[in-house]
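Some notes on the structure that comes next.
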Amino acid sequence: MRTSLRVLAVAMLTLALGACGDDSPNDKAASQSPEEKAQATMCDARADIGKQLDDLKSLTPATVTKDGVTQSLDAIRKNLSDMSGALSDLSSERRSEVEAATKAFTSSVQEIKSQFLTSLSASDAKAVLVAALDQLAASYQKAFAPLKCS
């Protein structure tokens, strides 16, 4: 009987101690400064843009679909919006870096979009889209590679 009480006491103590010292993600987010939160937002958005572009780059003329491209482009647009929303909380140096990167990338997106819309026949659309997505990925690397996230 004493052994089972000891085991129960140790288990209860372990649970109680485990609940006390653990930093949950919500606790960490609450303790971050606005600049740290903005930095995290920027890094998360940058990483997701890269993921979306990798997904788009993996498309071939045989696998590309309007819905697939639209979903990824919408996610990229949301990420760029999230970055813009976080700018005011970044340090002035970091803000300048992020603004320059997003401006360069957005400009590249607009250029590719205008090329895509003006010079396509229906039969060439998928192949040109795949090439444009590769160009967009290269633009992302050039614009966002200098923005270091740890």
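The values are calculated or read from the model by the stated rules, or taken from the named source; none is laboratory data. Quick caveat: nothing in here was measured; it's all calculated off a predicted structure. Counting neighbours? That spans all protein chains shown, and the Cβs are built from the backbone with ideal geometry, glycine included.
Entry remark, the range 101-110: residues being surrounded by fewer than 18 Cβ atoms within 10 Å (Cβ to Cβ) and either closer than 13 Å to Cys43 by Cα or without any contact (Cβ under 8 Å) to a residue 24 or more places away in the chain (or both) number 3 in total. Restricted to the range 26-56, and to residues that are modelled with pLDDT of 85 or more and basic (Lys, Arg), which residue is farthest from Val98 (Cα to Cα)? Per the criteria, the residue is Lys51. In the range 112-138, the residues that are small (Gly, Ala, Ser) and at pLDDT 70 or above form Cβ pairs under 7 Å with partners that are part of a helix (DSSP H, G or I) and surrounded by 17 or more Cβ atoms within 10 Å (Cβ to Cβ), at six or more places apart or across chains, as follows: Ala132/Ile112; Ala137/Leu53.
Put simply, of Ala47, Ala40, Ala86 the only residue that is free of Cβ contacts under 8 Å to residues at least 40 places away in the same chain and farther than 17 Å from Val109 by Cα is Ala40.
Could you tell me whether Lys66 is without any contact (Cβ under 8 Å) to a residue 12 or more places away in the chain and more than 19 Å from the chain's Cα centre (by Cα)? Yes, satisfied.
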